[in-house]
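J.: Below: one structure in structure tokens.
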Amino acid sequence: MTRPLHLLVIDGYARAARDELEAGGATIAATLYERMLLRHAPAGSTVDILFPSDPGAEMPQGAALANYDGLAWTGCSLCVTDESPEVQSQVDLQKKAFAEGVPGFGSCWAAQIAVVAAGGDVTPNPRGREMGLARKIHLTADGRDHPMYEGKPAVFDAFTSHDDEVTGVPDGARVLSSNAWTRVQSVHVKSNNTEFWGLQYHPEYDLYEMARLTWCRAEKLARLGFFVDATDCHRHVEKLEALHADPARKDLAWQLGIDTDVMDAEIRQMEVKNWIRSLLVLFVVLASPALAQFNYDEAKVPKYTLPDPLLCAGGTRVTTREQWTKTRRPELLRAFERHVYGRMPGRPAGMRFETRGVQEDALGGAATRKEIVVHLGPGDQAPKIEILLWVPNAAAKPAPAFLGLNFYGNASTHADPGITLSTQWTRNNKKFGVVKNRATNASRGVRQSRWPAEMIIARGYALATVFYGDIDPDFHDGFANGVHPLFPMKGEAGRAPDAWGSISAWAWGLSRALDALDKDPDIDGTRVAVVGHSRLGKTALWAGASDPRFALVISNDSGCGGAALSRRAFGETVARINQAFPHWFCRNFHRFGGREGELPVDQHQLIALCAPRPCLVSSAAADGWADPRGEFLSLVGAHPVYALFGTNGLPDQIWPKPGTTILGALSYHLRPGKHDATSEDWKAFLACADRHLAKK
Ligand code: GCU
């Protein structure tokens, strides 16, 4: 399918820098980019050019931005880590492009802008400037599978000129190529379901333009030691120009070490050609129901029939608790393993627990704080999970407890300086004190609002939390890190389609933490509530459904793949979640993108797996992405199984107003406001725990 494209080229060079290039006989970056794009775009395509560093430049916004089929950023003489208004306004522009869903592409500064706009990091390359031809760039495993590199050799050289490099890739980003000088030579960034393909190198430069830019930088390059002096540089420039004029000059090609990957525009610009093609394919994809605009309109929810939780695969309907427990529950559990989350292994051999750092007068004397290290194997090298545990001093022991995973390390959940700072991979977030994927002291207490330890302790409950990155770092690396390698399986391609993904790994980690809590004399292992927010709410549900030792299961804003019914396809969909987070679920689940109606299970049955144990689903009214109503309807769908057990199930089956808590064997809480886990939510968790975990 072809049609003309309407593209925007953004050239961040300041006017003076552009003038200097032109004075040196070089073409400005915007023109090079425009020519290159039009070379590959369908006839009739148009390119607008924006110079954002020019005083008074008008940044496109809203519809004006969304009207572009794609944004292409050129290189730039600015430094993305500068906090200057020019830089910030360009980062903001890219953020807006992500928000508006406009795909992006570009060179050098482009990759850096995209990474920074999506929350990653760029820093000066400690090896110094990479200049001229970046040698032996090789495609990573992700790069080899990436549509941008279709038809490109697996190892190539490319023109480059940069001091900075991408050092922290944002969530969901993939490094596509690398060389010995610069780890990130190209990157696929994804934010808000919008893709940006960024190159550190410059396919827009032919030999002549390479020569002219080198000439313009002669003094600087000599100073940096690339040439003996400017004359030496000029000799090199002459050779480049001569080879450009006569590409058959074998002598020059040999002396300069330049091959067809640089000389032949078809090969050199394969990435651009493929990007243009992806924009055209995107029209087709966007027109397909699976990835069309996400639906937030109740009237447009597809008609669906939920699979009956009580109906066995063989066609008989369960009528007794025994039948449920013996036949239907195991069958359903297997179906969730097979089609959604993947199989979890058992306990690892040689697991042991070590308690450390006990402080009996924590939280002003209200609690004892301890840390339990769960060694997942016998030796010191075995991976470990660290539990931060607060025990209420005033409560009778053993005490009931809440157990949940956290996103930024145990130390992020409370400012108490005695908490061990995680040394594991942590999602980059400068604001939260995580730099280069490591938590720093600045991360202490940044997520305290989600973990109101004082309030929980005052109510007589212990609180245990584990950093999810201890169990499995949350990015797709082909299951090489975290606990997956403890239970060896062949490389990803050879992995079974029902092999465990990250959610199963995190849930498995929660069960191991429960093993440890159960051994702790202060904790009543029969009264532990498993709790989690968002992706970790999905995890809490799967842990609670699969491990019957959890006495209460609490999901907060867990949405798609959590409490929300998949068949409603309201907000986030199965297609989108698997595309954005390919490592969360098992491979089989990917097959149901856009085909939710064919799923053998739906999420109400996940809740039913907890029966008759109490389960609380907590939603936020403004969290459309997680489909609050679909989360409620899962409870309604699970009700018949709870009724079979003679419980009151979900006592009120009309979706309530925000600010309501319905308490029953199945409980629901709807908080006004956005996606978050707040003390309001915790009040509902505590009310539910008081009802179900208090000693009778
Ligand atoms: C994304 C994702 C959700 C998930 C959330 C989170 O928004 O699409 O499914 O719940 O991240 O875990 O924060």
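J.: Can you tell me which residues in the stretch 50-65 are at pLDDT below 95 and not in a loop (DSSP other than H, G, I, E, B)?
T.: Gly62, Ala63, Ala64, Leu65
J.: Are there any pairs with C-beta distances below 7 angstrom linking a residue in the stretch 358-372 that is part of a helix (DSSP H, G or I) to a residue that is open to solvent by 20 Å² or more (accessible area, probe 1.4 Å), with the two at least 6 apart or on different chains, and if so which?
T.: So the pair list comes out as Leu363/Glu454; Gly365/Asn393.
J.: Let me ask you something else. Consider Asp690 carefully, then state whether it is loosely packed, with under 15 Cβ neighbours inside 10 Å and touching a residue at least 12 places away in the same chain (Cβ under 8 Å).
T.: Here the answer is yes, as Asp690 does meet what is asked.
J.: Gln653 fails exactly one of the following numbered conditions: (1) out of contact with any strand residue (DSSP E or B) (no Cβ under 8 Å at 6 or more places or on another chain); (2) surrounded by 20 or more Cβ atoms within 10 Å (Cβ to Cβ); (3) of a type outside the set (Ser, Thr, Tyr). What is the number of that condition?
T.: Looking at each condition in turn, Gln653 falls short on (2).
J.: Still on this structure: Only one of these conditions is not met by Arg495: (1) more than 15 Å from Gly409 (Cα to Cα); (2) at pLDDT 90 or above; (3) of a type outside the set (A, V, I, L, M); (4) open to solvent by less than 40 Å² (accessible area, probe 1.4 Å). Which number is it?
T.: Tallying (1) more than 15 Å from Gly409 (Cα to Cα); (2) at pLDDT 90 or above; (3) of a type outside the set (A, V, I, L, M); (4) open to solvent by less than 40 Å² (accessible area, probe 1.4 Å), Arg495 fails exactly one: (2).
J.: While we're looking at this one, here's another question. State all residues of the stretch 327-353 that are closer than 30 Å to Leu389 by Cα, free of Cβ contacts under 8 Å to residues at least 40 places away in the same chain and either among the acidic types (Asp, Glu) or not in a loop (DSSP other than H, G, I, E, B) (or both); if no residue qualifies, say none.
T.: Arg352
J.: Among the residues of the stretch 396-429, write down those that are outside any loop (DSSP other than H, G, I, E, B) and open to solvent by 20 Å² or more (accessible area, probe 1.4 Å).
T.: Asn429
J.: Which of (1) touching a helix residue (DSSP H, G or I) at 6+ places or on another chain (Cβ under 9 Å); (2) under 19 Å from Glu371 (Cβ atoms); (3) not assigned by TED's automatic domain parsing to the domain that holds Arg512 does Trp425 not meet, given it meets every other one?
T.: Of (1) touching a helix residue (DSSP H, G or I) at 6+ places or on another chain (Cβ under 9 Å); (2) under 19 Å from Glu371 (Cβ atoms); (3) not assigned by TED's automatic domain parsing to the domain that holds Arg512, only one is false for Trp425: (2).
J.: So, one more: With respect to Gly379, determine if the residue is outside any strand (DSSP E or B) and either under 19 Å from Ala689 (Cβ atoms) or not assigned by TED's automatic domain parsing to the domain that holds Arg459 (or both).
T.: Taking the combined requirement at face value, the residue satisfies it.
J.: With the requirement that a residue be within 18 Å of the chain's Cα centre (by Cα) and closer than 20 Å to Gly537 by Cβ, what does the stretch 398-456 give you?
T.: Leu405, Asn406, Phe407, Tyr408, Gly409, Thr426, Arg427, Asn429, Phe432
J.: Tell me, which residue of the stretch 8-28 that is modelled with pLDDT under 95 and under 32 Å from the mean Cα position of the chain (by Cα) is nearest to Lys96 (Cα to Cα)?
T.: Ranking the qualifying residues of the stretch 8-28, first place goes to Gly12.
J.: Further question: Which one of these does Asp518 not meet: (1) crowded, with 18+ Cβ neighbours inside 10 Å; (2) without any contact (Cβ under 8 Å) to a residue 60 or more places away in the chain?
T.: Result: Asp518 fails condition (1) only.
J.: Taking the condition touching an Asp or Glu at 6+ places or on another chain (Cβ under 6 Å), in a strand (DSSP E or B) and surrounded by 17 or more Cβ atoms within 10 Å (Cβ to Cβ), does Val391 pass?
T.: So Val391 passes the test.
J.: Can you find even one residue in the stretch 548-555 that is open to solvent by less than 10 Å² (accessible area, probe 1.4 Å), within 13 Å of the ligand (Cβ to nearest atom) and closer than 25 Å to Tyr642 by Cα?
T.: Scanning the stretch 548-555 turns up at least one residue that is open to solvent by less than 10 Å² (accessible area, probe 1.4 Å), within 13 Å of the ligand (Cβ to nearest atom) and closer than 25 Å to Tyr642 by Cα.
J.: How about the stretch 430-458: which of its residues are polar (S, T, N, Q) and surrounded by fewer than 21 Cβ atoms within 10 Å (Cβ to Cβ)?
T.: Asn437, Thr440, Asn441, Gln448, Ser449
J.: Would the stretch 308-326 turn up any residue that is open to solvent by less than 20 Å² (accessible area, probe 1.4 Å), in contact (Cβ under 8 Å) with a residue 60 or more places away in the chain and part of a helix (DSSP H, G or I)?
T.: Yes, some residue in the stretch 308-326 is open to solvent by less than 20 Å² (accessible area, probe 1.4 Å), in contact (Cβ under 8 Å) with a residue 60 or more places away in the chain and part of a helix (DSSP H, G or I).
J.: Say we look at the stretch 583-629 and pick out the residues that are within 15 Å of the ligand (Cβ to nearest atom) and open to solvent by 30 Å² or more (accessible area, probe 1.4 Å); which of these is farthest from the chain's Cα centre (by Cα)?
T.: Looking at residues that are within 15 Å of the ligand (Cβ to nearest atom) and open to solvent by 30 Å² or more (accessible area, probe 1.4 Å), I get Ala622.
J.: Within the stretch 556-582, which residues are away from the ligand (no atom under 11 Å from the Cβ) and either touching a Cys at 6+ places or on another chain (Cβ under 8 Å) or open to solvent by 10 Å² or more (accessible area, probe 1.4 Å) (or both)?
T.: Answer for the stretch 556-582, where residues must be away from the ligand (no atom under 11 Å from the Cβ) and either touching a Cys at 6+ places or on another chain (Cβ under 8 Å) or open to solvent by 10 Å² or more (accessible area, probe 1.4 Å) (or both): Ser566, Arg567, Ala569, Phe570, Ala575, Pro582.
J.: Let me ask another. Gln255 is checked against (1) among the polar types (S, T, N, Q); (2) part of a helix (DSSP H, G or I); (3) at pLDDT below 95 and fails just one. What number does that condition carry?
T.: Among (1) among the polar types (S, T, N, Q); (2) part of a helix (DSSP H, G or I); (3) at pLDDT below 95, the lone unmet condition for Gln255 is (3).
J.: Collect the residues in the stretch 60-91 that are in contact with a helix residue (DSSP H, G or I) (Cβ under 7 Å, 6 or more places away or on another chain), open to solvent by 50 Å² or more (accessible area, probe 1.4 Å) and not small (Gly, Ala, Ser), keeping them in residue-number order.
T.: Gln61, the sole residue that qualifies.
J.: Does Ala158 satisfy the criteria of being touching a Pro at 6+ places or on another chain (Cβ under 8 Å), modelled with pLDDT of 95 or more and more than 23 Å from Gly478 (Cα to Cα)?
T.: When the stated conditions are applied, Ala158 passes them.
J.: Would you point out which residue out of Ala265, Ala222 is touching a residue at least 60 places away in the same chain (Cβ under 8 Å) and surrounded by fewer than 18 Cβ atoms within 10 Å (Cβ to Cβ)?
T.: That would be Ala265, the only listed residue that is touching a residue at least 60 places away in the same chain (Cβ under 8 Å) and surrounded by fewer than 18 Cβ atoms within 10 Å (Cβ to Cβ).
J.: Sticking with this one: Looking at Arg174, Arg135, Arg183 in this structure, which one is among the basic types (Lys, Arg) and over 28 Å from the mean Cα position of the chain (by Cα)?
T.: Arg135
J.: Give the number of residues within the stretch 245-256 that are touching a Leu at 6+ places or on another chain (Cβ under 7 Å) and within 22 Å of Lys152 (Cβ to Cβ).
T.: 2
J.: Another question about this same structure. Looking at the structure I just gave you, is Ala545 away from the ligand (no atom under 16 Å from the Cβ), in contact with a strand residue (DSSP E or B) (Cβ under 9 Å, 6 or more places away or on another chain) and assigned by TED's automatic domain parsing to the domain that holds His339?
T.: Answer is yes for this residue.
The values are calculated or read from the model by the stated rules, or taken from the named source; none is laboratory data. These figures come from a predicted structure and were not determined experimentally. Virtual Cβ from ideal backbone geometry, glycine too; neighbours counted across all protein chains shown. Please note that ligands, DNA and RNA were not included when accessible areas were found on the heavy atoms of the full protein model with its side chains. Shrake-Rupley method; radii C 1.70, N 1.55, O 1.52, S 1.80 Å.
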